[in-house]
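Novice: I have a structure I would like to understand better, so I am pasting it below and will then ask my questions one at a time.
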Amino acid sequence: MRLASQWLIHDRLPIEAVALRLGYTSQAAFSRAFKRTTGLPPGASRKSAPPAGS
């Protein structure tokens, strides 16, 4: 999930692309696993990250 966080926050990849890169068959399955691991859904973790360049 560290890679997923990096791809979501720093690389600004779409959630679906991150899920596919990690081998999840659906965005929903990835989102559930991400939330279970990090405590936040993927979209919320992206929004809570500091702006790029900060």
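Novice: Name the residue, out of 31, 45, 26, that is touching a residue at least 40 places away in the same chain (Cβ under 8 Å) and either surrounded by 12 or more Cβ atoms within 10 Å (Cβ to Cβ) or over 10 Å from the mean Cα position of the chain (by Cα) (or both).
Specialist: 45
Novice: What do you reckon, is residue 19 in contact with a helix residue (DSSP H, G or I) (Cβ under 7 Å, 6 or more places away or on another chain), in a helix (DSSP H, G or I) and of a type in the set (A, V, I, L, M)?
Specialist: Yes: the conditions hold for residue 19.
Novice: Continuing with the same structure: Residue check: is residue 12 among the basic types (Lys, Arg) and part of a loop (DSSP other than H, G, I, E, B)?
Specialist: The answer is yes for residue 12.
Quick note: the coordinates plus some simple rules give every number you see, no bench work behind them. All of these numbers come straight from a predicted model, not from anything done at the bench. Note that each Cβ is placed from the backbone with ideal geometry, even for glycine, and that neighbours are counted across all protein chains shown.
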